Amino acid sequence: GEDWKARACAMLHYMPRFITGEDLRISAQAMGIAPHHPNAWGGLIMGLIKQKRLKPTGTTRKMRAKGSHARKTEIYQNMESRHDS
C-alpha cells in the first residue's frame, strides 16, 4: 500500500542536507521500507521534487549500488533535513 511512501518520506528529517534518491532508497530499505515494485522509488522522488521537499542542485555523483555500474545520479537538497551538513 501507500504506507511505505509515508514511512520513506518521514525519513527525510533524519537524512543529511544533500542526498540522492539512492541514499533515501538504501536507508529506507535498511529499515524494512520498500514499495511493491522497484520503479516506485522514481515516482516517490519525483513527487518529493514537485512538493519542493527535495530541490535539485544541478550536480551529480556516481551511484553506490554495484548494479548501477557507477551511473551518475542527481544530488538534491533535502529541504526537510534537521542536519546542518
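The values are calculated or read from the model by the stated rules, or taken from the named source; none is laboratory data. Predicted model only: the values in this text are computed from it and were never measured. Virtual Cβ from ideal backbone geometry, glycine too; neighbours counted across all protein chains shown. Remember, those area values only see protein heavy atoms, side chains included, never the ligands or the DNA or RNA. Shrake-Rupley method; radii C 1.70, N 1.55, O 1.52, S 1.80 Å.
Can you name every residue in the stretch 1-34 that is without any contact (Cβ under 8 Å) to a residue 24 or more places away in the chain and of a type in the set (Lys, Arg)?
The answer is 25, and nothing else.
Residues checked against (1) among the polar types (S, T, N, Q); (2) out of contact with any Phe, Trp or Tyr (no Cβ under 9 Å at 6 or more places or on another chain):
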position	(1), (2)
11	no, yes
18	no, no
30	no, yes
38	no, yes
57	yes, no
69	no, yes
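Pull up the stretch 1-44, narrow it to residues that are part of a helix (DSSP H, G or I) and among the aromatic types (Phe, Trp, Tyr), then point me to the one that is surrounded by the fewest Cβ atoms within 10 Å (Cβ to Cβ).
Start the filter on the stretch 1-44 by keeping residues that are part of a helix (DSSP H, G or I), which leaves 3-14, 21-30, 40-44.
Checking the rest, the ones that are also among the aromatic types (Phe, Trp, Tyr) come to 4, 14, 41.
Details: 4: 17, 14: 13, 41: 19.
Only one residue tops the list, namely 14.
Go through 72, 55, 66, 62 for me and flag whichever is among the charged types (D, E, K, R) and modelled with pLDDT of 95 or more.
Values: 72 fails: modelled with pLDDT of 95 or more; 66 fails: modelled with pLDDT of 95 or more; 62 fails: modelled with pLDDT of 95 or more.
Only one candidate passes the filter, namely 55.
Any idea which residue in the stretch 45-54 is farthest from the chain's Cα centre (by Cα), counting only those that are under 18 Å from residue 82 (Cβ atoms) and surrounded by 12 or more Cβ atoms within 10 Å (Cβ to Cβ)?
53
What tally of residues in the stretch 57-78 results from selecting those that are over 12 Å from the mean Cα position of the chain (by Cα), open to solvent by 40 Å² or more (accessible area, probe 1.4 Å) and of a type outside the set (Val, Ile, Thr)?
10
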